[in-house]
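K.L.:
Starting off with a structure, shown below.
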Amino acid sequence: MNLTINNLSKTYSNGIKALQNISLEIPTGMFGLLGPNGAGKSTLMRTLSTLQEADSGSVFLGDIDVLKQKNELRQVLGYLPQQFGLYPKISAEVLLNHFAVLKGISNKSERQELVKALLQKTNLYEVRKQNLKGYSGGMKQRFGIAQALLNNPKLLIVDEPTAGLDPVERNRFYNVLSELGEQTVVILSTHIVDDVKELCTNMAIINQGQVCLKGNPIQIMEDLKGKVYKKTIEKPELNGYKQNYQVISEKLFLGKPTIHIVSDNDPGDGFIGVNTSLEDVYFSQIFSNTNLKSN
């Protein structure tokens, strides 16, 4: 089952064009949606999850018209928003059972088995009777995934799920999402490049409401191969390099900026060629899209 998005647009009352003719074909599996804060990712996620209306365009999940058949879509949708609230004085087991009732799972024994299975899947079964206020950030995120899976969704949307998690919790979360992607359309909306590199077979980069690039991460990196160079410079030189080169990123190394540039030819001038990373691709697209908007 594919999720097909055609020419989706949304402009807010303040004039901000959050989505501009977004078109994507998303198959079963993990799909990464990369973009900086304010790029339009959350607007797209809220629209796909029926929480807000689009101005124009169409979205289909198989035969379901997402924009018109909202109730039908919600029956097969799992959604983990960027921020969500939990009742701190209730255990995970009790709250997940309550959510299952709200989702229409009325048979008590069936509901108990489902809750048990999901707590095991998300590695929370051993702490199922612990109140949620004692959960770490990663445990709360895994509980969020558990509630999103109660209806065995065909479409699972997770918005910035690993922000603030330590490396151990992030890896646990990766494992859960990777398993889910085998049978479900999973959209991972994030600004963390490593999330997409680790998990996704398909991706898109979105900025200022538009799709800048889409495809397979490995192929996308291959297309930029041999065009990325780096150099460590002095801080006062940075503006001059930005004027003369396509500087896509800068990081401090021993107190000095190390810049990455994109160039079709060897720029010389002390630059060294580097292996292309997905981060380089991401920054190059954000740089190009921002420049086009400003010109």
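The values are calculated or read from the model by the stated rules, or taken from the named source; none is laboratory data. Remember, predicted model here, so these are calculated numbers, not experimental data. Note that we place each Cβ from the backbone using ideal geometry, even for glycine, and neighbour counts take in every protein chain shown. Heavy atoms of the whole protein, side chains included, go into the accessibility calculation; ligands, DNA and RNA do not. Shrake-Rupley method; radii C 1.70, N 1.55, O 1.52, S 1.80 Å.
K.L.:
Quick check: net charge around Gln246, other residues with Cβ under 11 Å of its Cβ, Lys/Arg +1 and Asp/Glu -1?
P.N.:
Result for the local shell: +1.
K.L.:
So what's the back-of-envelope 222 nm ellipticity for the chain, counting only DSSP H runs of four-plus at -39500 (n - 2.57) apiece and dividing by all residues, rounded to 500?
P.N.:
Result for the chain: -10000 deg cm²/dmol, rounded to the nearest 500.
K.L.:
Next question. Alpha carbon centre of region 204-223 versus region 152-194: separation in Å?
P.N.:
Taking the Cα centre of each part, region 204-223 and region 152-194 sit 19 Å apart.
K.L.:
Using each residue's phi in region 75-82, evaluate 6.51 cos²θ - 1.76 cosθ + 1.60 at θ = phi - 60° and report the 3J(HN,Hα) Karplus result to the nearest Hz, with x for Gly and Pro.
P.N.:
So the Karplus estimates, Gly and Pro as x, are 5, 10, 10, x, 9, 10, x, 4 Hz.
K.L.:
Using the Karplus curve 6.51 cos²θ - 1.76 cosθ + 1.60 with θ = phi - 60°, what ³J(HN,Hα) values do you get for each residue of region 11-21, in whole Hz, with x for Gly and Pro?
P.N.:
10, 7, 4, 7, x, 5, 8, 6, 9, 10, 6
K.L.:
List every residue whose amide H lies under 5 Å from the amide H of Val66, counting only residues 5 or more places away in sequence or on a different chain, with H placed 1.01 Å from N in the peptide plane.
P.N.:
Val59, Phe60, Leu61
K.L.:
Which aspartates and glutamates have a Cα lying under 15 Å from the Cα of Lys251, excluding residues fewer than 8 positions away in the same chain?
P.N.:
Partners within reach: Glu234, Glu237, Glu279, Asp280.
K.L.:
What whole-number value in Å² describes the accessible area per residue of region 221-292 for a 1.4 Å probe?
P.N.:
Per-residue accessible area for region 221-292 comes out at 60 Å².
K.L.:
From the alpha carbon gyration tensor of the chain, can you work out the equivalent ellipsoid semi-axes (sqrt of 5 times each eigenvalue) and give them in Å, largest to smallest?
P.N.:
Details: eigenvalues 303, 108, 52 Å².
Semi-axes from the Cα gyration tensor: 39, 23, 16 Å.
K.L.:
Which residue, Ser13, Ser189, Ser178, has the most motion in a Gaussian network model of the chain that connects Cα atoms within less than 10 Å?
P.N.:
Ser13
K.L.:
Counting pairs of alpha carbon atoms under 8 Å apart in space and at least six apart in sequence, what relative contact order in percent does the chain give?
P.N.:
Reported as a whole number, the value is 21 percent.
K.L.:
At 1.4 Å probe size, with every protein chain present, just tell me what the per residue accessible area of region 1-139 comes to in Å².
P.N.:
Value returned for region 1-139: 52 Å² of accessible area per residue.
K.L.:
Quick one: of Lys70/Lys103; Lys41/Lys230; Lys89/Lys154, which pairs are farther than 22 Å apart, Cα to Cα?
P.N.:
Pairs exceeding 22 Å: Lys41/Lys230; Lys89/Lys154.
K.L.:
Positive end of the dipole of region 221-292, charges at C-beta (+1 Lys, Arg; -1 Asp, Glu), about the Cα centre: which of Leu252, Leu224, Phe283 has its Cα farthest in that direction?
P.N.:
So the residue furthest toward the plus end is Leu252.
K.L.:
Let me know the charge dipole size of the chain about its Cα centre in debye, to the nearest 20, where only the beta-carbon of Lys, Arg (+1) and Asp, Glu (-1) is charged.
P.N.:
Using Cβ point charges on Lys, Arg, Asp and Glu, the chain gives about 980 debye.
K.L.:
Another question about this same structure. Find which of Val59, Leu8, Asn123 sits farthest along the positive direction of the dipole of region 1-136, computed with +1 on the beta-carbon of Lys and Arg, -1 on that of Asp and Glu, about the Cα centre.
P.N.:
The one lying farthest along the dipole's positive direction is Asn123.
K.L.:
Cut-off 10 angstrom, C-alpha nodes, Gaussian network model of the chain. Which of Asp195, Asp223, Asp280 fluctuates the most?
P.N.:
So, out of Asp195, Asp223, Asp280, the one fluctuating most is Asp223.
K.L.:
Restricting to bridges with both residues inside the chain, how much of the DSSP beta-bridge set is antiparallel, in percent to the nearest 5?
P.N.:
Here the antiparallel bridges make up roughly 65 percent for the chain.
K.L.:
To the nearest 20 debye, what charge dipole does region 47-171 have about its Cα centre, counting +1 at the Cβ of each Lys and Arg and -1 at the Cβ of each Asp and Glu?
P.N.:
On the way: 16 positive and 13 negative charges, 121 e Å.
That gives a dipole near 580 debye.
K.L.:
In the chain, carbon and sulfur make up what percent of the accessible area (probe 1.4 Å)? Don't skip to the end; give the middle numbers.
P.N.:
Working: 7050 of 15010 Å².
So the carbon and sulfur contribution to the accessible surface is 47 percent.
K.L.:
Given the Cα-Cα distance of Asn7 and Lys116 and 0.36 nm per residue of separation, how much length would full extension add, in nm?
P.N.:
Full extension from Asn7 to Lys116 adds 35.1 nm.
K.L.:
Collect residues whose amide H, placed 1.01 Å from N in the peptide plane, falls under 5 Å from the amide H of Gln246; neighbours closer than 5 in sequence don't count.
P.N.:
Excluding prolines and chain starts, which carry no amide H, the hits are Val262.
K.L.:
Also: Rounded to the nearest 0.05, what FRET efficiency do Asp166 and Tyr125 give with R0 = 25 Å and r taken as the Cβ-Cβ distance? Could you check?
P.N.:
That pair, Asp166 with Tyr125, gives E of 0.75.
K.L.:
Residue-wise, which Karplus ³J(HN,Hα) couplings in Hz belong to region 281-287, taking 6.51 cos²θ - 1.76 cosθ + 1.60, θ = phi - 60°, and x for glycine or proline?
P.N.:
Running phi through 6.51 cos²θ - 1.76 cosθ + 1.60 with θ = phi - 60° gives 4, 4, 5, 5, 6, 5, 4 Hz.
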